[in-house]
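Reading through the structure tokens given below for one structure.
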Amino acid sequence: MHSTIRNLRRAVALTGLVLLLAACTQGEAPGGGGGGETGEVSAEEMANLRQAWEEDPGELGLPALQPPDDQITVVNTEKYKKDGPYKIAFASQGPTNSWAQIYDTAFRARAEEYGNVEVLYADAGGKADKQVNDIEDLLVQQPDALVVTPLGAAVKAPVERAAAQNIPVVLCTGRVDTDAFVTRVDRDNRLNGALTALWIGEQLKGKGNIIMLSGIAGVPTAEDRLASARQIFKEKYPDIKVLAHEYTNWSPTEGKRVMEGLLVAHPKIDAIWSDSGIQDIGVIQAFNEAGRPIVPMTAEPLNGFLKLAKQHDVPFMAVGYPPEHSARCLEAAVDALQGKPLPSFINVDAPLFTNEKIDEFLRANCSNDLWVPTELPPAKLQELKLC
């Protein structure tokens with residue numbers, strides 16, 4: 001049974017997408033507990049975290065990874081309990097790319113399903129400084145809860161102000177160096193970084209020249225993946241040389257521009273470590289236009305990337321980052337307002353596959369902007385012009 005079905009069944013069995021990674025050797029321990037940590041360990045969430053670290057490498061035929069031993073605790077949210085309807089503020093990255101567009105859509109769609117949830121939305125346009133002002137503006141509207149997609153360390157102060165006003169904060173897709181939140185919902189980006197580095201290392205048999213490409217500088221999603229991958233290369237594959245590292249702002253256009261320059265500067269490139277399938281579209285285009293053989297690369301399951309990868313026989317490994325997990329962030333905020341205990345971290349399962357299984361995921365008749373597999377219903381996909 002391939003990894004997507006395993007992961008989805010595991011998620012359903014646990015009433016949603018679950019868990020967190022805390023620290024492992026590459027990172028920091030999970031925070032949380034703004035509602036009041038009980039001191040009780042969330043055994044189920046800890047077990048799921050260990051399962052992800054133990055099983056995901058095997059799904060790709062990679063060497064085992066040591067599971068983190070950090071604790072995920074149970075957070076008491078009784079002090080936030082109130083009757084609906086609810087006003088939930090959403091300080092989003094903004095629809096700066098197709099992933100973020102689906103991310104916002106899934107959040108709003110889940111709110112509609114509740115029927116008693118009003119979303120107060122702010123679009124940061126991918127800018128951390130604007131997000132700080134966005135959160136302040138949202139707090140003026142006196143929301144019952146706040147969901148934040150952190151774009152950088154600057155949001156720490158407004159997040160802590162929200163908590164001080166007895167507003168439960170959910171960190172969605174990213175982290176902040178504070179404990180002023182009730183839970184964090186995310187895919188373990190350190191695990192994604194480790195998996196992609198392991199795959200590159202095994203593809204090159206531990207020796208070769210690589211390029212590293214990241215999304216937006218300073219954004220925790222990008223920085224955590226990068227730090228974890230660098231740790232793996234350093235500890236397990238010391239003979240792999242990183243020729244250059246560049247940020248692409250998760251843009252195919254920027255990815256192509258950056259890669260064009262790197263191809264001129266470096267005549268021998270053996271692989272591309274990339275934290276996203278978005279910039280990989282531009283990477284493939286740059287290789288083709290330069291007349292260079294396309295090398296193995298890491299990616300995400302973006303339909304446009306998969307189409308190009310199939311067309312040009314690109315060897316790749318994709319690890320997902322499901323945009324629909326924003327719906328789980330909204331659910332966590334509602335749970336807090338209903339006084340339900342929450343784990344301090346909820347880890348999102350993700351699809352894992354290589355080019356050998358591309359036909360199981362590629363949606364040839366759908367938009368390049370679709371992220372697969374998707375949980376959005378056909379009507380919503382048509383509305384968004386994705387299928």
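The values are calculated or read from the model by the stated rules, or taken from the named source; none is laboratory data. Here the structure is a predicted model, which is why all the values come from computation and not from measurement. Using ideal geometry, Cβ is built from the backbone for each residue, glycine included, and neighbour counts are taken over all protein chains shown. SASA here: full protein model, heavy atoms, side chains in, ligands and nucleic acids out. Shrake-Rupley method; radii C 1.70, N 1.55, O 1.52, S 1.80 Å.
Determine if region 328-343 includes at least one residue that is open to solvent by 10 Å² or more (accessible area, probe 1.4 Å), within 24 Å of ILE278 (Cβ to Cβ) and modelled with pLDDT of 95 or more. Yes, there is a match, as at least one residue in region 328-343 is open to solvent by 10 Å² or more (accessible area, probe 1.4 Å), within 24 Å of ILE278 (Cβ to Cβ) and modelled with pLDDT of 95 or more.
The residue pairs whose first member lies in region 299-314 and is modelled with pLDDT of 95 or more and aromatic (Phe, Trp, Tyr), whose second member is open to solvent by less than 60 Å² (accessible area, probe 1.4 Å) and part of a helix (DSSP H, G or I), and whose beta carbons are closer than 9 Å, counting only pairs six or more residues apart or on different chains, are PHE305/PRO252; PHE305/GLY277; PHE305/ILE278; PHE305/ASP280; PHE305/ILE281; PHE305/ILE284.
You will find that of VAL159, VAL140, the residue that is more than 19 Å from ASN347 (Cα to Cα) and surrounded by fewer than 22 Cβ atoms within 10 Å (Cβ to Cβ) is VAL140 and no other.
Of note, VAL176 does not satisfy the criterion of being open to solvent by 10 Å² or more (accessible area, probe 1.4 Å), without any contact (Cβ under 8 Å) to a residue 12 or more places away in the chain and out of contact with any Phe, Trp or Tyr (no Cβ under 9 Å at 6 or more places or on another chain).
Of the numbered criteria (1) open to solvent by less than 20 Å² (accessible area, probe 1.4 Å); (2) free of Cβ contacts under 8 Å to residues at least 12 places away in the same chain, the one ASP134 fails is (2).
Given the criteria in contact with a helix residue (DSSP H, G or I) (Cβ under 8 Å, 6 or more places away or on another chain), under 26 Å from PHE233 (Cα atoms) and modelled with pLDDT of 95 or more, does LEU139 qualify? Answer is no for this residue. I'd like to know if region 81-104 contains one or more residues that are over 19 Å from SER326 (Cα atoms), without any contact (Cβ under 8 Å) to a residue 12 or more places away in the chain and surrounded by fewer than 19 Cβ atoms within 10 Å (Cβ to Cβ). For region 81-104, residues over 19 Å from SER326 (Cα atoms), without any contact (Cβ under 8 Å) to a residue 12 or more places away in the chain and surrounded by fewer than 19 Cβ atoms within 10 Å (Cβ to Cβ): present.
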